[in-house]
Amino acid sequence: MKLLVVGSGGREHALAWKLAQSPRVQLVYVAPGNGGTAQDERLRNLNITDPAALADFVEQEQIAFTLVGPEAPLAAGIVNLFRSRGLKIFGPTKEAAQLESSKDFAKAFMKRHAIPTAEYETFADVAAAHAYLDAKGAPIVIKADGLAAGKGVVVAQTLEEAHAAVDMMLSDNKLGDAGARVVIEEFLAGEEASFIVMVDGKHVLALASSQDHKRLLDGDQGPNTGGMGAYSPAPIVTPQLHARVMREIILPTVRGMEKEGIRYTGFLYAGLMIDAQGNPKTLEFNCRMGDPETQPIMARLKGDYSKVVEQAIAGTLDTVELEWDRRTALGVVLAAYNYPDTPRKGDRINDIPAETADSVTFHAGTTLADGKLTTSGGRVLCVVGLADSVRSAQSVAYETINQISFDGMQYRRDIGYRALNRKHDVKTDGKH
Ligand code: AMP
Ligand code: GLY
């Protein structure tokens, strides 16, 4: 069978790489793909981004199913379009994707269904927003309602920063329509984790737990980014916490959407904040997999993933049991010069080591032209190491990175530090 993955990042490279391992799969198209997907002979880049043109291609080529990576095509309704043409696709409809594409929708939904999340109010009026900030004080969090490619959230430590964020979004329209309304919410302290599941409309299948590192610099300093590294499993997600998140957050979300007449299908990603007492709250929903979380998660997943996605599309996820590599997978993002502001493009990338049994490098912002690999985006590569402990997985990843270079390459040296700071370097049970 032939498959299609929509997107061009590290997440999509990892998904396509995993799907292509199936003996049933002849070829995985990646639209538009990147330099890494161009180099892999089991994958083929497809220079089409228009959803209707993609649907035409899928019909002509008799693609068995399509898997969508990023939020933008989902929010634009690619799943609605494919389904209306009778094509198999895994992802949420435009209506279901509102859980990610509108923070106000997600917050109001959580409130209606008593799903734990930070207290909030939504504003379109500048004066009312400023007054609310003064009443609440700092620290406080300001979020653009719409999709803003990771630039829509300001965690303000002072009221001055908070007022500036409201002005930036509501008065100066720096984020366009996405910032025409803002959610202002309570600051939550604690540790974050990514909780990602597959949903077939009714049944929920949890993927392995993971944790991302959103800040640019070591020790979680510097500006927010799309994610500078991730590992799986996340020791903070104990079996008890896992059960609680399913019971209090994931299942009420899927059931709540169903009650409101919006059947949820696709990946559902709850960004969690876990407080010092171990209580989880929902920071946000994403209607897709995480990037870079997907890279270590796919590196640990065993078995034929094409069959899992087929079951998800068929609505029979209750019959699927996933098996995970017991090892920890730890991925470090290598970013371009000046990421995240205005990353430089066109730097030549040297010597990416071949995949081994315990390391694999996924591409994101890379382009292959005339046999030469160059940088073409902010997050360039994600180098994943696999080993029996977080510390050893970290060593494998950083040893691999030592063999890679490009001008301006920047990366964090401390990916996995939260897991290492816990008392025991946890061995996994192969189930999470
Ligand atoms: P979001 O896109 O909503 O996940 O926000 C991006 C990042 O901002 C999160 O990963 C958190 O690090 C931080 N953040 C968001 N909401 C809050 C909150 N209520 N309290 C503290 N930090 C937050
Ligand atoms: N790594 C965070 C995200 O994918 O949203």
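Report D for segment 211-300 in µm² per second (integer): Stokes-Einstein, Kirkwood Rh on Cα pairs, 25 °C, 0.890 mPa s. Intermediate results must be reported in sequence, preceding the final value.
Details: Rh = 14.6 Å.
So the translational diffusion coefficient is about 168 µm²/s.
Probe 1.4 Å, all protein chains in place: accessible area of Ile48 in Å², nearest 10?
Answer for Ile48: close to 40 Å² accessible.
Ordering Met298, Met1 from largest to smallest accessible area (1.4 angstrom probe), what's the sequence? Before the final figure, lay out the partial values.
Values: Met298 0, Met1 55 Å².
Order by accessible area, largest first: Met1, Met298.
Taking a ≥ b ≥ c as the square roots of the Cα gyration tensor eigenvalues, with a/c under 1.5 meaning rounded and otherwise prolate when a/b beats b/c, else oblate, which class fits segment 1-95?
Numbers: a/c = 1.75, a/b = 1.39, b/c = 1.26.
Note, shape of segment 1-95 comes out prolate.
Which aspartates and glutamates does Lys151 reach when only Cα atoms under 12 Å apart count, and residues fewer than 8 places away in its own chain are ignored?
Excluding near neighbours in sequence, the set is Asp341.
Rounded, prolate or oblate: which fits segment 176-245 when a ≥ b ≥ c are the square roots of the eigenvalues of the alpha-carbon gyration tensor, with rounded for a/c under 1.5 and prolate only if a/b beats b/c?
On the way: a/c = 1.89, a/b = 1.25, b/c = 1.51.
Because a/c hits 1.5 or more and a/b fails to exceed b/c, segment 176-245 counts as oblate.
To the nearest 10 Å², what's Cys287's accessible area with a 1.4 Å probe?
Roll a 1.4 Å probe over it and Cys287 shows about 0 Å².
Name the residues whose placed amide hydrogens come within less than 5 Å of the amide hydrogen of Ser209, ignoring near sequence neighbours (fewer than 5 apart) on the same chain.
Ala234
Per DSSP helix of 4 or more residues, -39500 (n - 2.57); summed, then divided by the residues of the chain. What does that give at 222 nm, rounded to the nearest 500? Mind dumping the intermediate values first?
Working: 15 runs with 122 residues, N = 432.
Helices in the chain give a 222 nm mean residue ellipticity of -7500 deg cm²/dmol.
Ordering Asp125, Asp351, Asp358, Asp145 by accessible area with a probe of 1.4 Å, largest first, what comes out?
Numbers: Asp125 90, Asp351 115, Asp358 60, Asp145 20 Å².
Final ranking, largest accessible area leading: Asp351, Asp125, Asp358, Asp145.
What is the sum of charges, Lys and Arg at +1 and Asp and Glu at -1, for the other residues whose Cβ falls under 15 Å from the Cβ of Phe406? Before the final figure, lay out each step's value.
Values: positive: Arg344, Lys345, Arg348, Lys372, Arg379; negative: Asp347, Asp351, Asp407.
With Lys, Arg at +1 and Asp, Glu at -1, the neighbours total +2.
With a 1.4 Å probe and every protein chain left in place, work out the accessible area per residue of segment 179-260 in Å², rounded to a whole number.
Details: 2840 Å² over 82 residues.
Computed with neighbouring chains in place, this is 35 Å² per residue.
For segment 39-89, what does the alpha-carbon gyration tensor say about shape, rounded, prolate or oblate, given a ≥ b ≥ c as the root eigenvalues, a/c under 1.5 as rounded, and a/b over b/c as prolate? Walk me through the intermediate numbers first.
On the way: a/c = 1.88, a/b = 1.32, b/c = 1.42.
Oblate, because a/c is 1.5 or more while a/b does not exceed b/c.
Taking only the Cα atoms of the chain, how large is their convex hull per residue, in Å³?
On the way: hull volume 59.0 nm³, N = 432.
Here the figure is 137 Å³ per residue.
So what's the projected area for segment 97-174, the Cα convex hull averaged over all directions, in nm²? Present the calculation step by step, with values, prior to reporting the outcome.
Working: hull surface 21.1 nm².
In nm², the orientation-averaged hull projection of segment 97-174 is 5.3.
First measure r as the distance between the Cβ atoms of Lys372 and Thr49, then evaluate 1/(1 + (r/R0)^6) with R0 = 22 Å and state the FRET efficiency to the nearest 0.05. Mind showing how you got there, number by number?
Values: r = 24 Å, r/R0 = 1.08.
The formula returns an efficiency of 0.40 here.
For segment 318-423, just the Cα atoms, rotate onto the principal axes and tell me the three extents in Å, largest first.
42, 35, 28
With contacts defined as alpha carbon pairs under 8 Å and 6 or more residues apart, what's the relative contact order of segment 87-150 in percent?
Averaging sequence separation for qualifying contacts and normalising by length gives 40 percent for segment 87-150.
Among the listed pairs Lys103/Lys202; Lys143/Lys202; Lys88/Lys372; Lys18/Lys107; Lys143/Lys307, which are separated by more than 32 Å between their Cα atoms? Walk me through the intermediate numbers first.
Details: Lys103/Lys202 24 Å; Lys143/Lys202 30 Å; Lys88/Lys372 35 Å; Lys18/Lys107 34 Å; Lys143/Lys307 38 Å.
With Cα atoms farther than 32 Å apart: Lys88/Lys372; Lys18/Lys107; Lys143/Lys307.
Mind ordering 409-420, 66-77 by average Cβ neighbours within 10 Å, highest first? Could you put the intermediate results ahead of the total?
Working: 409-420: 19.6, 66-77: 21.8.
For the peptides 409-420, 66-77, the packing ranking is 66-77, 409-420.
Which loop-located trypsin sites (Lys or Arg not before Pro) does segment 1-70 contain, where loop means any DSSP state but H, G, I, E or B and the Cβ has at most 10 other Cβ atoms within 10 Å?
Taking segment 1-70 and a limit of 10 other Cβ atoms within 10 Å, no loop trypsin sites (Lys or Arg not before Pro) are found.
So what is the relative contact order of the chain, in percent, for Cα pairs below 8 Å that sit 6 or more residues apart? Mind dumping the intermediate values first?
Details: 1025 pairs, mean separation 70.5, N = 432.
With pairs under 8 Å counted, the relative contact order is 16 percent.
Quick check: with the 1.4 Å probe, what order do Lys281, Lys107, Lys259 take by accessible area, largest first? Walk me through the numbers on the way to the answer.
Numbers: Lys281 70, Lys107 10, Lys259 165 Å².
Ranked from most to least accessible, the order is Lys259, Lys281, Lys107.
Using a cut-off of 12 Å between beta-carbons, work out the net charge of the residues near Leu147 (Lys and Arg +1, Asp and Glu -1, Leu147 not included). Could the numbers behind the result be given before it?
Details: positive: Lys103, Lys143, Lys151, Arg288; negative: Glu71, Glu100, Asp145, Asp177, Glu284.
Neighbourhood net charge equals -1.
Excluding Asp318 itself, calculate the net charge of residues whose Cβ lies under 12 Å from the Cβ of Asp318, where each Lys or Arg counts +1 and each Asp or Glu counts -1.
Working: positive: Lys202; negative: Asp200, Glu321.
Counting the neighbours of Asp318, the net charge comes to -1.
If you filter segment 278-349 for GluC sites (Glu not before Pro), then keep DSSP loop positions with at most 16 other Cβ within 10 Å, what is left? Could you put the intermediate results ahead of the total?
Details: sites: Glu284, Glu293, Glu310, Glu321, Glu323; in loops: Glu293, Glu321, Glu323.
Within segment 278-349, the qualifying GluC sites (Glu not before Pro) (loop, at most 16 other Cβ atoms within 10 Å) are Glu321, Glu323.
Roughly how big is the chain's charge dipole about its Cα centre, with Cβ charges of +1 (Lys, Arg) and -1 (Asp, Glu), in debye to the nearest 20?
Values: 47 positive and 54 negative charges, 176 e Å.
That gives the chain a dipole magnitude of about 840 debye.
Identify, among Gln410, Cys287, Cys382, the residue whose Cα sits farthest towards the positive end of the charge dipole of segment 285-432, taking +1 on the Cβ of Lys and Arg and -1 on the Cβ of Asp and Glu, with the dipole about the Cα centre.
Farthest towards the positive pole: Gln410.
Need the full-extension length gain, Ala76 to Asp172, defined as separation in residues times 0.36 nm minus the C-alpha distance. One decimal, nm. Don't skip to the answer; put the middle values down first.
Numbers: separation 96, 0.36 × 96 = 34.56 nm, distance 2.55 nm.
Difference between extended and current length: 32.0 nm.
Averaged per residue, what accessible surface does segment 337-393 expose to a 1.4 Å probe, in Å²? Walk me through the numbers on the way to the answer.
On the way: 2670 Å² over 57 residues.
Computed with neighbouring chains in place, this is 47 Å² per residue.
The values are calculated or read from the model by the stated rules, or taken from the named source; none is laboratory data. On a predicted model such as this, the values are computed, not experimentally measured, just so you know. Don't worry about glycine lacking a Cβ; one is built from the backbone with ideal geometry, like all the others, and counts go over all protein chains shown. Surface accessibility is based on the protein's heavy atoms, side chains included, excluding ligands, DNA and RNA. Shrake-Rupley method; radii C 1.70, N 1.55, O 1.52, S 1.80 Å.
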